Structure formats: C-alpha cells, structure tokens
Amino acid sequence: MPERLLTVAPVSGCVPGPPPLSGLAPAAVPGVAALSLASCRNGASGAGGTGGTGGSSGASGTGAARAASGAAVRAASGAGGTGAHGGGPDGGGPDGGAGRGFFARRRPGRPGLAVFVNAGDPPLGALPELAAMLDDSDVDCLELAVPFPDSVTDGPVIRRSADRALAGGVTLAAVLDAVAAVRPSLRRLRIALLADWSHTVKGTDLGDFARSVADAGCDGLLLHGLPPRLRTAHYEAAHRAGLPLVTTCYAVSDAATAAEAARHASAYLYLVAHYGRSGTTAAPDRERLAAALGGLRAATRAPVAVGFGVRTRADIAALEALGADAAVVGSAGVARIEQALDRRRDPVEEFASFVAELRRPTAPHRTNEGTHP
C-alpha cells in the first residue's frame with residue numbers, strides 16, 4: 001500500500017517489533033527509507049519481464065510504443081515532466097517548489113490524497129475505469145504496485161491482494177503497458193509505480209528500468225527493498241530519467257535519518273506514522289507526529305504525506321490538523337476491493353464509494369475567502 005517505501009531504520013531502542021514498511025528489511029536503507037512516488041510524467045518503455053526477473057527497456061515492440069507515448073506526454077506537459085520539474089496535469093508550468101505538483105490542489109480543508117492499489121487487483125483490464133474514476137473523484141495520486149509475494153511488512157489484506165494479482169499473471173511489462181494506455185486520458189491524477197527490487201527489478205540495469213518507468217508515463221517511482229549499495233546509482237538513474245524521488249522516514253526516526261529524507265525528497269516525503277505492518281490500526285503518538293511534521297516542513301520544500309493506519313476521512317482531517325500536506329491510504333481501500341470481489345460486486349464501484357467517504361467533508365472550514373466544506 002502507500003506505506004511501501006524504502007526503509008529507514010527506526011531509532012534504536014524506541015520501537016520494537018517487525019521490520020518497517022512493506023517488504024523491506026528494517027535496515028535495508030539506513031538513511032532514506034523509501035524511494036517512492038517520484039514526480040515525473042515522462043512516457044514509458046521497456047519490456048518489463050515477469051515478476052521474478054524484472055524487465056529491461058527495449059526499442060522495439062511494446063517498449064517502442066511506450067517510448068512514443070512517453071514522448072507525447074512530455075511534449076504536452078513540458079520538457080521537464082510534471083511535479084518538481086515541470087507542468088502538471090492541471091496545466092501549470094514549473095512551480096519552483098520541489099514536488100509541489102503531486103498535491104498542488106491541496107488547500108485548507110482539502111489535503112492531498114494518495115491511494116494504493118495492486119496492479120491486477122481488480123484485474124488489470126479494469127485499470128482504465130479505475131483510473132478515470134479516481135481522476136474524477138478528487139484523488140491526487142494512485143500508487144500502483146507491481147505485485148510481489150510475501151511482503152514481510154504488509155498485513156494480510158495487501159498480501160492477499162498481491163497474491164490475487166500474481167495468480168492473474170500480472171507482470172511488469174503488462175503494468176507498464178496499462179499505464180501507457182491510460183495516461184493520456186488523465187487530467188489530474190498522478191500515477192506512482194511501486195516495484196519491489198528482489199522480485200521485479202533485480203538483474204535489470206537501473207538506468208534501463210528508470211527509463212522504462214518514465215517512458216510508460218508514470219509520474220513517480222517507488223523502488224521497494226533496494227540494497228543500500230545501489231542507492232546512489234538509483235538516485236542517478238532516476239535523475240537521468242527525469243524521475244524525482246520520494247523519501248521516507250518514521251515519526252521516531254533519528255535526526256540524521258530525517259535530515260537525509262528531507263534532503264533527497266524531490267516529489268514528496270512520506271512520513272510513516274507508526275512502526276509496524278500495513279493495515280494496522282495502532283493510534284499514532286500525536287505529539288511525536290506533530291513534532292516530526294514540523295521538523296520536516298522546516299527542512300524540505302517537498303510536500304509531506306503521512307501513511308500507515310490512515311483509514312477514514314476523520315483520520316485524514318486529523319493529519320491535516322497536525323500539519324500534513326497529504327495522506328496515504330492503502331489497506332482500508334484494498335479491503336473494500338476484496339469484499340467486492342468476494343461478493344461478486346463491481347470492485348471499481350465499491351472503491352469509488354470508499355473514495356467518496358474519504359473526501360466527504362467533516363466540518364465547515366473558514367478562510368479569508370469565506371466558509372468552505
């Protein structure tokens with residue numbers, strides 16, 4: 001779910017229990033916890049290979065088609081892509097603020113919203129309908145995961161979702177093709193690709209992989225479980241491909257870890273509200289979370305999004321009150337998809353109902369321009 005990012009080791013002695021963040025070993029990346037949603041709207045390419053081996057970019061077949069699609073997207077949105085480097089889907093030009101494009105429409109009473117879905121759950125053929133619904137439903141970002149099995153830090157809801165998608169034969173190549181097909185029709189929604197290093201990317205040149213993600217029209221990249229020795233190479237490859245990075249830290253991360261995450265955030269910074277597995281409902285330490293948000297806001301110009309345990313509109317409103325720019329919602333929405341599939345109902349309609357609940361106003365909000373929901 002949106003909680004999936006590169007890991008940051010939590011403060012020693014502060015947090016017991018399982019490793020942080022989806023599918024990462026707890027010490028996978030001692031400083032930056034996650035390279036996730038990178039803000040880029042470049043096009044797409046690359047034959048993606050299958051789940052276990054990942055894929056490499058290519059100049060023929062679907063890879064060439066994605067590259068052509070990506071070139072068209074870049075021409076439409078500006079040479080720098082979207083988000084931190086160029087014009088976004090709302091028609092704005094370069095904003096001068098790192099990563100602002102991901103949540104550019106946020107305002108008091110309307111924080112940014114990202115939702116997580118495993119590609120292939122619902123079936124990949126439903127992605128056009130799903131993306132169009134999110135585009136029309138006030139959602140800023142779809143975190144679309146290339147499914148992988150046995151995530152050590154995901155709860156059972158997201159694990160079952162990944163298993164369903166894998167049973168349907170979903171591969172990296174199929175996901176990139178699907179993104180390339182839907183991207184030209186989207187007006188506001190950004191798509192951030194999540195891919196697991198060991199299951200999907202290992203054995204692939206990082207430069208080729210980054211270009212294939214960019215050429216697919218993805219607005220961002222979350223590379224999950226990246227070995228620390230490859231971090232610098234990944235940064236460089238993403239930069240060359242025009243894929244800014246999302247970094248991650250915990251509310252309990254030490255000062256050095258938080259500073260590194262703030263320094264490298266060029267799309268947005270993902271702040272994990274509490275340590276544990278995705279889908280858990282542990283209440284965050286509000287005082288600690290507020291302090292972490294304040295420190296990060298002072299250290300980066302990128303938006304700060306909070307995830308883990310975010311399930312309702314009230315949760316999102318509470319995070320906004322603490323100073324978060326956006327919220328990331330994963331397991332709660334994936335559970336609604338699972339319920340729809342179990343009951344033989346339309347999963348896109350069910351997910352649309354869930355999104356409407358998340359965006360329903362909780363109380364009037366007063367500004368200098370009047371009262372707003």
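Data overview
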| item | result |
| --- | --- |
| Of all residues making up the range 343-373, the number that are at pLDDT below 95, over 19 Å from the mean Cα position of the chain (by Cα) and open to solvent by 30 Å² or more (accessible area, probe 1.4 Å) | 13 |
| Strands (runs of 3 or more DSSP E) enclosed by the range 188-273 - at least 1 residues per element that are modelled with pLDDT of 90 or more and of a type outside the set (S, T, N, Q) | 190-196 |
| Members of the range 149-163 that are more than 12 Å from Asp121 (Cα to Cα) and not polar (S, T, N, Q) | Pro149, Asp150, Val152, Asp154, Gly155, Pro156 |
| Residues of the range 236-268 that turn out to be in contact (Cβ under 8 Å) with a residue 60 or more places away in the chain and buried (at least 19 other Cβ atoms within 10 Å of the Cβ), as a count | 21 |
| Residues that are acidic (Asp, Glu) and touching a strand residue (DSSP E or B) at 6+ places or on another chain (Cβ under 7 Å), drawn from the range 213-265 | Asp219 |
| Some residue of the range 195-208 being under 19 Å from Ala114 (Cβ atoms) and either in contact (Cβ under 8 Å) with a residue 24 or more places away in the chain or open to solvent by 10 Å² or more (accessible area, probe 1.4 Å) (or both) | yes |
| Subset tally (residues that are at pLDDT below 85 and in contact with a strand residue (DSSP E or B) (Cβ under 9 Å, 6 or more places away or on another chain)) for the range 274-310 | 4 |
| The range 118-129, residues that are crowded, with 22+ Cβ neighbours inside 10 Å and either out of contact with any Gly (no Cβ under 6 Å at 6 or more places or on another chain) or not small (Gly, Ala, Ser) (or both) | Asn118, Ala119, Asp121, Pro122, Leu127 |
| The lone exception for Ala340 - which of (1) under 20 Å from His274 (Cα atoms); (2) open to solvent by less than 10 Å² (accessible area, probe 1.4 Å) it fails | (1) |
| Residue in the range 285-301 that is touching a Pro at 6+ places or on another chain (Cβ under 9 Å), open to solvent by less than 40 Å² (accessible area, probe 1.4 Å) and not in a helix (DSSP H, G or I) present | no |
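Residues are listed down the side, and each one gets a yes or a no for (1) more than 27 Å from Arg344 (Cβ to Cβ); (2) open to solvent by less than 10 Å² (accessible area, probe 1.4 Å); (3) not in a strand (DSSP E or B):
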{"residue": "Phe116", "(1), (2), (3)": "no, yes, no"}
{"residue": "Ala131", "(1), (2), (3)": "no, yes, yes"}
{"residue": "Asp138", "(1), (2), (3)": "yes, no, yes"}
{"residue": "Thr153", "(1), (2), (3)": "yes, yes, yes"}
{"residue": "Ala162", "(1), (2), (3)": "no, yes, yes"}
{"residue": "Ala173", "(1), (2), (3)": "yes, no, yes"}
{"residue": "Leu176", "(1), (2), (3)": "yes, yes, yes"}
{"residue": "Ala181", "(1), (2), (3)": "no, no, yes"}
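The values are calculated or read from the model by the stated rules, or taken from the named source; none is laboratory data. For clarity, every value in this text was computed on a predicted model and none was experimentally measured. Because the Cβ atoms are built from the backbone with ideal geometry, glycine has one as well, and the counts that use them run over all protein chains shown. Quick note on the areas: whole protein, heavy atoms, side chains included, nothing else; ligands and nucleic acids left out. Shrake-Rupley method; radii C 1.70, N 1.55, O 1.52, S 1.80 Å.
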